[in-house]
């Protein structure tokens with residue numbers, strides 16, 4: 001553990017706007033950036049991920065298990081039922097929800113403005129690309145939201161700038177990047193000798209791997225990034241300190 005310098009006492013000052021960003025970003029795993037949404041849909045298409053759609057009918061609810069068959073322009077195409085009555089029930093809905101579980105990630109998105117479309121004489125469901133996707137990584141380690149009055153921060157090696165942590169576990173964390181130059185947050189990059197600054201101002205060295213980087217809208221005209229990191233090979237001291245912090249947050253705030 002490093003002894004904190006006096007300059008770090010100022011790092012823990014948090015404005016109301018910073019608090020609001022942390023609060024919103026931590027509870028919100030919704031992807032709204034259209035380029036990110038298209039990339040996620042293309043991934044589901046390439047991996048042939050099975051989607052589940054509940055379709056209310058006149059007498060019972062049917063479940064359509066389907067995949068994305070095609071992406072064109074501003075629309076996606078999903079395989080439909082091979083039953084005309086079920087397809088009528090399908091097209092009668094204003095909105096449906098598609099869900100999936102892909103490699104431990106819980107996915108859901110809304111389907112609006114449904115229409116039928118034949119591809120090679122096979123019925124497909126044609127819908128506009130969704131405006132948002134819920135993309136939630138399921139974790140083995142308990143992850144907690146970092147409370148406003150218990151701030152945690154990270155610093156990259158040899159950098160003066162610090163970032164506010166939104167949520168944390170013994171295995172990883174996510175932080176809020178408000179800068180325009182996201183030069184540290186390239187997915188897959190490994191960053192060694194970074195600092196985790198805990199609420200008591202103790203500092204622990206850690207190694208991070210960037211695993212995701214999601215754009216979040218803020219105050220209508222601004223966008224910020226929520227960057228997810230995996231903590232690689234944490235020391236016993238860091239693991240113990242994070243476990244203690246998580247237990248404290250669980251006890252006082254959950």
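Computed from the coordinates by the stated procedures, all read-outs in this text should not be read as laboratory data. No experiment lies behind these values; they were computed from the predicted model shown. Cβ coordinates were reconstructed from backbone atoms using ideal geometry, including for glycine residues, and neighbour counts include every protein chain displayed.
What percentages, rounded to whole numbers, describe P(r) for the range 34-131 computed over all alpha carbon pairs with 10 Å bin width beginning at zero?
15, 53, 28, 3
Ranked highest first by the average count of other Cβ atoms within 10 Å around their residues, in what order do 149-156, 45-52 fall? Don't skip to the end; give the middle numbers.
Values: 149-156: 18.6, 45-52: 13.9.
Most protected by this proxy first, the peptides run 149-156, 45-52.
For the range 104-220, what is the relative contact order in percent, using Cα pairs closer than 8 Å and at least 6 residues apart in sequence? Let's see the in-between values first.
Numbers: 174 pairs, mean separation 20.9, N = 117.
Dividing the mean separation by the residue count of the range 104-220 yields 18 percent.
What does the C-alpha gyration tensor say about the overall shape of the range 87-172? Classify as rounded when a/c is under 1.5, otherwise prolate if a/b is larger than b/c, or oblate. Numbers along the way, then the final one.
Details: a/c = 3.21, a/b = 3.03, b/c = 1.06.
Cα axes put the range 87-172 in the prolate bin.
Given an 8 Å cut-off on Cα distances and at least 6 residues of separation, report the relative contact order of the range 192-254 as a percent.
On the way: 69 pairs, mean separation 16.1, N = 63.
Value for the range 192-254: 26 percent.
Relative contact order for the range 34-131: what percent, with Cα pairs under 8 Å and sequence separation of 6 or more? Before the final figure, lay out the partial values.
Numbers: 167 pairs, mean separation 24.7, N = 98.
The value is 25 percent.
The range 84-117 to the range 151-173: how many Å between their Cα centroids?
Centre-to-centre (Cα) distance: 38 Å.
When the chain is fully extended, how far beyond the present Cα-Cα distance does residue 61 get from residue 74, taking 0.36 nm per residue of separation? Please list the in-between numbers first.
Details: separation 13, 0.36 × 13 = 4.68 nm, distance 2.89 nm.
My answer for the length gained is 1.8 nm.
In which sequence would 109, 77 go, from the one with the fewest C-beta neighbours within 10 Å to the one with the most?
Working: 109 25, 77 19.
Ordered from fewest to most neighbouring Cβ atoms within 10 Å, 109, 77 come out as 77, 109.
What Kirkwood Rh does the range 133-248 have if only Cα atoms enter the pairwise 1/r average? Answer in Å. Don't jump to the answer; show the numbers that get you there.
Values: mean 1/r = 0.0688 Å⁻¹.
That comes to 14.5 Å for the range 133-248.
Any chance you could run the full-extension gain for residue 252 through residue 88? It's 0.36 nm times the residue separation minus the Cα-Cα distance, nm to one decimal. The partial results should precede the final answer.
On the way: separation 164, 0.36 × 164 = 59.04 nm, distance 5.17 nm.
That pair, residue 252 and residue 88, stretches by 53.9 nm at full extension.
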